[in-house]
Structures are given as structure tokens and as C-alpha cells.
Amino acid sequence: MNGGILMLDARLGAVLGYVEGEVLLDVGSDHAHLPIEAVRQGKVSSAICGEVVEGPFKSTTRNIAAEGMTGQIEARFGSGLQVVSEGEIVDTVSICGMGGPLIAEILKEGLHRLANKPRLVLQANIHTYPIRKVLAGSGYRIIDETVIQDGHHFYEIIVAEAGEVEYDEQSLTFGPVLLEKREAAFIEKLQRELSHQEKILKNLLENSNDAKKIKEVSLKVEQLKEVLIK
């Protein structure tokens, strides 16, 4: 395993840009690529890799050893933020490559263990609403967001730090910073989602009497149009 930053795809490369401090905790580390690169580049001094499945845990351990980083990166077997001891200090927590509801559940169950309220860098594959909902209810404010496009896939990255804030429903759904920045990938993602929802609505109107579902999809279409015409 060699080649520095080239070992990270665009998604993890973007996540790496938000990592800072002395200690990184990477939950669901997936071969330890992000922690290895963070230490290699001097973004952090040390890292903890959390794995809840035995196969990835063994792979993570092997990769750390192969890079000669066993003194700087530690693999721990456990669920979510439970791999951190009570009172243990970490500066950045990254949780990447999962669905939004799972990331939200990990935060909900374990944020109380992180007494110093570290920076959170969260990369969700789908459904970011529950993440923002948990952050807002846990004393975190969103300081940055971005959308990374990789072929037909879009990945959202949410960066949060300690701070009290309230978000309206539109901000929770689409992202307060994304709504402000209106990046090209964000707009493209919404346009594709609008096209998808419009097809669903057309099919429902032609072939279904499910008034509740029609109303639900119609609302999604209107929400997307409202953001896109701004």
C-alpha cells in the first residue's frame, strides 16, 4: 500500500481536508485508509480506528502494521463511539460511508462519551436529515457542508462543532450551508432527485389511488422545486 493521497478517492480526500487536531477517531474505518493518510500527512499525530465487524477489524489491523504505524494508529473492536473510554480526548471524529440514519444512531448513542465535544466530520451516502436533527439536539452547529459527485453517486459531507443553533425544516432537509453555497454538485443532485420524484408522482397519478402517497411525493417535488428556483 503506497502512493500517499492517491490511495484516497475524492470522497475520503474531501473528508481528510476537514480533519484537524492531535487525535482522530475514525468509526467504521474500512481498512484504515483515512487514518493512515491523516497521520502520513501530519493532519493528526495519532488515530483510533473503530470496527464492529471482525473481517474489517482484521484488515484494518493488517493495513496499520503494513504501513509501520502501529505506534500511532490503534484499531479497536467495538460499536460506534463505544470504542472511546469515558473521558478520553479525541479532536476529530469521522464517520463515513454509511446511511444517514445509521450515522445519526451512532451519534445519538455515543456523543455523551465525548466530553470535549470534538469536531465531527460525517459523510453520508443517503438521507442526511436525521444527522442534522441529532446534531441540532446535541449542542452542535454545522460549520460546513459539501457534496462530492463520483459518477452517478453523490456523497454529502457535514462538518459540525460545538455550538447551539436551531434549524428550520428546509435546512434540516437540504443542509443550511449547502443551501447557502449552492455548489454545482448540490444543484445537480437536487435536479436528479426532482426528476426521479416527478416520475414517481406521474406513475402514482396514472396507476394509484393512494392519496397519502401521492400527497407525500407531491410535497417532495414542491420542496425540491422551491430550493432549485432560488
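The C-beta contact set for the stretch 210-230 (first residue closer than 20 Å to F186 by Cα, second residue of a type in the set (S, T, Y), distance under 7 angstrom, 6+ apart or interchain) comprises Q223/T173. Residues of the stretch 15-38 that are in a loop (DSSP other than H, G, I, E, B) and touching a helix residue (DSSP H, G or I) at 6+ places or on another chain (Cβ under 9 Å): V19, G28, S29, D30, H31, A32. When I214 is tested against (1) crowded, with 19+ Cβ neighbours inside 10 Å; (2) over 19 Å from S94 (Cβ atoms); (3) among the β-branched types (V, I, T), exactly one condition is not met: (1). Of all the residues in the stretch 161-196, those that are open to solvent by 50 Å² or more (accessible area, probe 1.4 Å), within 13 Å of T146 (Cβ to Cβ) and touching a Lys or Arg at 6+ places or on another chain (Cβ under 9 Å) number 1.
For A115, the test of being open to solvent by 40 Å² or more (accessible area, probe 1.4 Å) and either touching an Asp or Glu at 6+ places or on another chain (Cβ under 7 Å) or in contact (Cβ under 8 Å) with a residue 12 or more places away in the chain (or both) is passed.
Check the stretch 123-142 and report whether any residue there is open to solvent by 20 Å² or more (accessible area, probe 1.4 Å), out of contact with any His (no Cβ under 8 Å at 6 or more places or on another chain) and in contact (Cβ under 8 Å) with a residue 60 or more places away in the chain. There is no residue in the stretch 123-142 that is open to solvent by 20 Å² or more (accessible area, probe 1.4 Å), out of contact with any His (no Cβ under 8 Å at 6 or more places or on another chain) and in contact (Cβ under 8 Å) with a residue 60 or more places away in the chain.
Look at the stretch 13-39: where a residue is under 18 Å from L81 (Cβ atoms) and of a type in the set (D, E, K, R) and a partner is in a helix (DSSP H, G or I) and open to solvent by 10 Å² or more (accessible area, probe 1.4 Å), sitting 6+ places away or on another chain with Cβ atoms under 7 Å, you get D30/P56. Counting only residues that are part of a helix (DSSP H, G or I), more than 22 Å from the chain's Cα centre (by Cα) and polar (S, T, N, Q), the stretch 60-97 holds 2 of them.
Against the definition (touching a residue at least 24 places away in the same chain (Cβ under 8 Å) and either open to solvent by 40 Å² or more (accessible area, probe 1.4 Å) or more than 20 Å from T146 (Cβ to Cβ) (or both)), how does I64 come out, yes or no? When the stated conditions are applied, I64 passes them.
What tally of residues in the stretch 45-59 results from selecting those that are open to solvent by 40 Å² or more (accessible area, probe 1.4 Å), outside any helix (DSSP H, G or I) and either touching a residue at least 12 places away in the same chain (Cβ under 8 Å) or among the polar types (S, T, N, Q) (or both)? Spell out the reasoning first.
The initial filter retains those residues of the stretch 45-59 that are open to solvent by 40 Å² or more (accessible area, probe 1.4 Å), namely 45, 52-58.
Still in the list and also outside any helix (DSSP H, G or I): 45, 52-53.
Then keep just the ones that are either touching a residue at least 12 places away in the same chain (Cβ under 8 Å) or among the polar types (S, T, N, Q) (or both); that gives 45, 52.
Residues meeting the conditions: 2.
The values are calculated or read from the model by the stated rules, or taken from the named source; none is laboratory data. Since the model is a prediction, treat every value here as computed from it, not as a measurement. So basically every Cβ, Gly included, is an ideal-geometry build from the backbone, and we count neighbours across all protein chains shown. Side chains included, ligands, DNA and RNA excluded: accessible areas come from the protein's heavy atoms. Shrake-Rupley method; radii C 1.70, N 1.55, O 1.52, S 1.80 Å.
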